[in-house]
Amino acid sequence: MNIENYKQLLAELQPSNTRLVAVSKTKPATAISALYAAGQKDFGENKVQEIVSKHAALPSDIRWHLIGHLQSNKVKQIASFITLIHSVDSLKLLEEINRQAAKHERVIDCLLQIFIAKEETKFGLTEIEIHQLLTSETFLQMKHVRICGLMAMATFTDDEQIIAKEFSQAKRIFEKIKKQYFSGKDFFNELSMGMSADYKIALRHGSTMVRVGSTIFGSR
Ligand SMILES: *Cc1c(COP(=O)(O)O)cnc(C)c1O
(Lines give C-alpha, C1' and ligand atoms only; values in the text may rest on other atoms or scores of the structure.)
Protein backbone atom coordinates (compact mmCIF):
# COMPACT_ATOMS: atom_id res chain seq x y z
CA MET A 1 0.00 0.00 0.00
CA ASN A 2 1.39 3.38 -1.04
CA ILE A 3 0.24 6.04 1.40
CA GLU A 4 1.92 8.85 -0.53
CA ASN A 5 0.01 7.98 -3.69
CA TYR A 6 -3.19 7.68 -1.66
CA LYS A 7 -2.79 11.14 -0.13
CA GLN A 8 -1.87 12.66 -3.47
CA LEU A 9 -4.96 11.10 -5.02
CA LEU A 10 -7.22 12.47 -2.28
CA ALA A 11 -5.73 15.92 -2.87
CA GLU A 12 -6.53 15.63 -6.58
CA LEU A 13 -10.12 14.60 -5.87
CA GLN A 14 -10.75 17.24 -3.25
CA PRO A 15 -11.48 20.31 -5.45
CA SER A 16 -14.35 18.56 -7.22
CA ASN A 17 -15.46 16.63 -4.12
CA THR A 18 -15.08 13.39 -6.05
CA ARG A 19 -15.24 10.21 -3.98
CA LEU A 20 -12.65 7.48 -4.02
CA VAL A 21 -13.51 3.81 -4.15
CA ALA A 22 -10.24 2.02 -3.35
CA VAL A 23 -10.16 -1.10 -5.51
CA SER A 24 -8.67 -3.85 -3.35
CA LYS A 25 -9.27 -6.89 -5.58
CA THR A 26 -6.60 -9.60 -5.22
CA LYS A 27 -5.02 -7.66 -2.32
CA PRO A 28 -4.91 -9.16 1.19
CA ALA A 29 -6.99 -7.97 4.13
CA THR A 30 -3.83 -6.56 5.74
CA ALA A 31 -3.44 -4.06 2.88
CA ILE A 32 -7.07 -3.02 3.26
CA SER A 33 -6.63 -2.64 7.04
CA ALA A 34 -3.67 -0.34 6.50
CA LEU A 35 -5.67 1.93 4.20
CA TYR A 36 -8.66 1.78 6.54
CA ALA A 37 -6.38 2.97 9.33
CA ALA A 38 -5.51 5.95 7.13
CA GLY A 39 -9.22 6.81 6.97
CA GLN A 40 -10.45 5.11 3.79
CA LYS A 41 -13.96 3.61 4.15
CA ASP A 42 -15.05 2.81 0.58
CA PHE A 43 -13.55 -0.30 -0.99
CA GLY A 44 -14.34 -1.96 -4.32
CA GLU A 45 -14.07 -5.60 -5.35
CA ASN A 46 -14.96 -7.34 -8.58
CA LYS A 47 -15.58 -10.89 -7.34
CA VAL A 48 -18.41 -12.00 -5.09
CA GLN A 49 -16.42 -14.64 -3.25
CA GLU A 50 -13.66 -12.19 -2.43
CA ILE A 51 -15.96 -9.42 -1.26
CA VAL A 52 -17.88 -11.85 0.97
CA SER A 53 -14.78 -13.14 2.74
CA LYS A 54 -13.23 -9.69 3.12
CA HIS A 55 -16.50 -8.28 4.44
CA ALA A 56 -16.53 -11.02 7.07
CA ALA A 57 -12.91 -10.42 8.09
CA LEU A 58 -12.75 -6.61 8.17
CA PRO A 59 -14.40 -3.77 10.16
CA SER A 60 -18.15 -3.55 9.76
CA ASP A 61 -18.21 0.15 8.90
CA ILE A 62 -16.37 -0.43 5.61
CA ARG A 63 -18.61 0.43 2.67
CA TRP A 64 -18.28 -2.34 0.08
CA HIS A 65 -18.76 -1.63 -3.62
CA LEU A 66 -19.23 -4.38 -6.18
CA ILE A 67 -17.63 -3.07 -9.37
CA GLY A 68 -17.24 -6.18 -11.55
CA HIS A 69 -19.67 -8.17 -13.63
CA LEU A 70 -22.26 -9.76 -11.35
CA GLN A 71 -24.06 -13.01 -12.05
CA SER A 72 -27.68 -13.15 -10.89
CA ASN A 73 -27.18 -16.39 -8.97
CA LYS A 74 -24.59 -14.72 -6.74
CA VAL A 75 -26.58 -11.67 -5.67
CA LYS A 76 -27.92 -13.40 -2.57
CA GLN A 77 -24.40 -13.65 -1.13
CA ILE A 78 -23.91 -9.88 -1.01
CA ALA A 79 -27.48 -8.61 -0.56
CA SER A 80 -27.26 -8.21 3.21
CA PHE A 81 -24.32 -5.80 3.25
CA ILE A 82 -23.42 -4.33 -0.15
CA THR A 83 -23.32 -0.51 -0.24
CA LEU A 84 -23.40 0.08 -3.99
CA ILE A 85 -23.48 -2.21 -7.02
CA HIS A 86 -21.78 -0.33 -9.89
CA SER A 87 -22.21 -2.97 -12.55
CA VAL A 88 -25.91 -3.50 -13.22
CA ASP A 89 -26.03 -4.51 -16.87
CA SER A 90 -29.44 -6.16 -17.32
CA LEU A 91 -33.04 -5.94 -16.17
CA LYS A 92 -32.84 -9.58 -15.12
CA LEU A 93 -29.95 -8.82 -12.76
CA LEU A 94 -31.79 -5.83 -11.32
CA GLU A 95 -34.85 -8.02 -10.72
CA GLU A 96 -32.73 -10.45 -8.73
CA ILE A 97 -31.12 -7.62 -6.72
CA ASN A 98 -34.62 -6.32 -5.95
CA ARG A 99 -35.77 -9.80 -4.88
CA GLN A 100 -32.80 -10.42 -2.59
CA ALA A 101 -32.91 -6.89 -1.13
CA ALA A 102 -36.56 -7.45 -0.23
CA LYS A 103 -35.60 -10.54 1.78
CA HIS A 104 -33.32 -8.35 3.87
CA GLU A 105 -35.86 -5.51 3.99
CA ARG A 106 -33.30 -3.23 2.34
CA VAL A 107 -33.14 -0.90 -0.61
CA ILE A 108 -29.92 -1.56 -2.50
CA ASP A 109 -28.28 1.34 -4.31
CA CYS A 110 -27.21 0.53 -7.87
CA LEU A 111 -25.58 2.16 -10.86
CA LEU A 112 -26.38 1.19 -14.43
CA GLN A 113 -23.22 0.30 -16.31
CA ILE A 114 -23.24 2.07 -19.63
CA PHE A 115 -21.36 0.66 -22.57
CA ILE A 116 -19.20 3.38 -24.13
CA ALA A 117 -15.98 1.56 -25.06
CA LYS A 118 -14.90 0.29 -28.43
CA GLU A 119 -14.15 -3.16 -27.09
CA GLU A 120 -16.57 -6.02 -27.60
CA THR A 121 -15.55 -7.54 -24.30
CA LYS A 122 -16.84 -4.80 -22.01
CA PHE A 123 -20.13 -5.35 -20.27
CA GLY A 124 -22.81 -2.71 -20.11
CA LEU A 125 -26.07 -1.35 -21.42
CA THR A 126 -26.40 0.84 -24.48
CA GLU A 127 -28.22 4.15 -24.09
CA ILE A 128 -31.30 2.65 -25.75
CA GLU A 129 -31.26 -0.29 -23.36
CA ILE A 130 -31.07 2.09 -20.40
CA HIS A 131 -34.16 3.91 -21.64
CA GLN A 132 -35.95 0.58 -22.13
CA LEU A 133 -35.02 -0.57 -18.64
CA LEU A 134 -36.09 2.65 -16.93
CA THR A 135 -39.46 2.69 -18.66
CA SER A 136 -40.24 -1.00 -18.23
CA GLU A 137 -43.18 -1.97 -16.05
CA THR A 138 -40.94 -4.52 -14.30
CA PHE A 139 -38.55 -1.80 -13.20
CA LEU A 140 -41.30 0.61 -12.21
CA GLN A 141 -42.70 -2.01 -9.80
CA MET A 142 -39.39 -2.50 -7.99
CA LYS A 143 -39.34 -1.25 -4.41
CA HIS A 144 -35.99 -2.52 -3.18
CA VAL A 145 -33.51 -1.01 -5.60
CA ARG A 146 -32.58 2.60 -6.14
CA ILE A 147 -30.75 3.74 -9.27
CA CYS A 148 -28.22 6.35 -8.16
CA GLY A 149 -26.48 6.99 -11.46
CA LEU A 150 -24.25 5.44 -14.09
CA MET A 151 -20.92 3.63 -14.24
CA ALA A 152 -18.67 3.70 -17.28
CA MET A 153 -15.39 2.17 -18.38
CA ALA A 154 -13.40 3.65 -21.23
CA THR A 155 -11.56 1.73 -23.90
CA PHE A 156 -8.19 0.38 -22.75
CA THR A 157 -5.93 2.60 -24.84
CA ASP A 158 -3.11 5.15 -24.56
CA ASP A 159 -5.06 7.50 -26.80
CA GLU A 160 -6.35 10.12 -24.36
CA GLN A 161 -8.64 11.63 -26.96
CA ILE A 162 -10.58 8.40 -27.29
CA ILE A 163 -10.91 8.14 -23.51
CA ALA A 164 -11.96 11.79 -23.18
CA LYS A 165 -14.56 11.35 -25.90
CA GLU A 166 -16.03 8.29 -24.21
CA PHE A 167 -16.17 9.92 -20.78
CA SER A 168 -17.80 13.04 -22.17
CA GLN A 169 -20.33 10.83 -23.91
CA ALA A 170 -21.09 9.10 -20.60
CA LYS A 171 -21.52 12.48 -18.91
CA ARG A 172 -23.88 13.67 -21.63
CA ILE A 173 -26.03 10.54 -21.35
CA PHE A 174 -25.99 10.81 -17.56
CA GLU A 175 -27.36 14.39 -17.72
CA LYS A 176 -29.99 13.40 -20.25
CA ILE A 177 -31.22 10.47 -18.17
CA LYS A 178 -31.21 12.53 -15.00
CA LYS A 179 -33.37 15.16 -16.66
CA GLN A 180 -35.72 12.68 -18.27
CA TYR A 181 -36.30 10.18 -15.45
CA PHE A 182 -34.86 11.53 -12.19
CA SER A 183 -35.56 15.22 -12.21
CA GLY A 184 -35.83 16.48 -8.64
CA LYS A 185 -34.47 13.19 -7.32
CA ASP A 186 -31.25 14.06 -5.56
CA PHE A 187 -30.18 10.46 -5.16
CA PHE A 188 -29.50 10.16 -8.88
CA ASN A 189 -26.16 11.93 -8.73
CA GLU A 190 -23.33 9.44 -9.24
CA LEU A 191 -21.18 9.05 -12.30
CA SER A 192 -18.64 6.33 -11.50
CA MET A 193 -15.76 6.59 -13.93
CA GLY A 194 -11.99 6.67 -13.87
CA MET A 195 -9.38 4.04 -12.91
CA SER A 196 -5.64 4.35 -12.21
CA ALA A 197 -4.78 4.96 -15.84
CA ASP A 198 -7.55 7.39 -16.72
CA TYR A 199 -9.01 8.98 -13.57
CA LYS A 200 -7.45 12.38 -14.36
CA ILE A 201 -9.37 12.44 -17.63
CA ALA A 202 -12.53 11.24 -15.88
CA LEU A 203 -12.25 14.12 -13.38
CA ARG A 204 -12.30 16.61 -16.23
CA HIS A 205 -15.50 15.05 -17.52
CA GLY A 206 -17.68 15.09 -14.44
CA SER A 207 -16.84 11.90 -12.60
CA THR A 208 -18.26 11.89 -9.05
CA MET A 209 -16.59 8.64 -8.03
CA VAL A 210 -13.33 7.12 -9.22
CA ARG A 211 -12.40 3.44 -8.79
CA VAL A 212 -8.66 3.28 -8.28
CA GLY A 213 -6.66 0.17 -7.44
CA SER A 214 -3.07 -0.19 -8.61
CA THR A 215 -2.09 3.44 -7.95
CA ILE A 216 -2.82 2.82 -4.26
CA PHE A 217 -2.13 -0.87 -3.76
CA GLY A 218 0.55 -1.50 -6.39
CA SER A 219 0.23 -3.54 -9.55
CA ARG A 220 -1.58 -6.86 -9.56
C1 LIG B 1 -9.83 -3.40 -11.39
C2 LIG B 1 -10.88 -2.39 -11.65
C3 LIG B 1 -10.66 -1.02 -11.39
C4 LIG B 1 -9.33 -0.47 -10.87
O5 LIG B 1 -8.31 -0.65 -11.77
P6 LIG B 1 -6.84 -0.01 -11.53
O7 LIG B 1 -6.27 0.07 -12.89
O8 LIG B 1 -6.12 -0.99 -10.65
O9 LIG B 1 -7.00 1.30 -10.88
C10 LIG B 1 -11.69 -0.14 -11.64
N11 LIG B 1 -12.89 -0.55 -12.11
C12 LIG B 1 -13.14 -1.85 -12.37
C13 LIG B 1 -14.48 -2.22 -12.89
C14 LIG B 1 -12.15 -2.81 -12.15
O15 LIG B 1 -12.42 -4.09 -12.41
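The values are calculated or read from the model by the stated rules, or taken from the named source; none is laboratory data. If you're wondering where the values come from, they're calculated on a predicted model, not measured in any experiment. Cβ: placed from backbone, ideal geometry, glycine included. Neighbour counts: every protein chain shown. Surface areas here come from the heavy atoms of the whole protein model, side chains and all, with no ligands, DNA or RNA. Shrake-Rupley method; radii C 1.70, N 1.55, O 1.52, S 1.80 Å.
Candidates are the residues of region 19-42 that are in contact (Cβ under 8 Å) with a residue 40 or more places away in the chain and surrounded by 20 or more Cβ atoms within 10 Å (Cβ to Cβ); the one that is farthest from the ligand (Cβ to nearest atom) is Leu35. Among the residues of region 134-164, those that are open to solvent by less than 50 Å² (accessible area, probe 1.4 Å), more than 16 Å from the ligand (Cβ to nearest atom), without any contact (Cβ under 8 Å) to a residue 60 or more places away in the chain and closer than 30 Å to Ser196 by Cβ comprise Val145, Ile147, Ala164.
Identify, please: which residue in region 171-200 is of a type in the set (A, V, I, L, M) and in contact with a Ser or Thr (Cβ under 9 Å, 6 or more places away or on another chain) and is, among those, farthest from the ligand (Cβ to nearest atom)? Applying the filter and picking the extreme gives Leu191. When Ala154 is tested against (1) within 14 Å of the chain's Cα centre (by Cα); (2) of a type in the set (A, V, I, L, M); (3) within 18 Å of His65 (Cβ to Cβ), just one condition goes unmet, and that condition is (3). Applying the set (1) open to solvent by less than 10 Å² (accessible area, probe 1.4 Å); (2) under 14 Å from Leu20 (Cα atoms) to Leu203 leaves exactly one unmet item: (1).
Summed over region 163-220, the residues that are in contact with an Asp or Glu (Cβ under 8 Å, 6 or more places away or on another chain) and polar (S, T, N, Q) give a count of 1. Of everything in region 25-42, what is in contact with a Lys or Arg (Cβ under 7 Å, 6 or more places away or on another chain) and of a type outside the set (Val, Ile, Thr)? Give them in sequence order. Scanning region 25-42 gives Lys25, Ala29, Lys41, Asp42. Taking region 76-98 as the range and being free of Cβ contacts under 8 Å to residues at least 24 places away in the same chain and not aliphatic (A, V, I, L, M) as the test, only Lys92 passes. Quick one: in region 99-115, which of the residues that are open to solvent by 30 Å² or more (accessible area, probe 1.4 Å) and in a helix (DSSP H, G or I) is nearest to Leu125 (Cα to Cα)? So the residue we want is Arg99.
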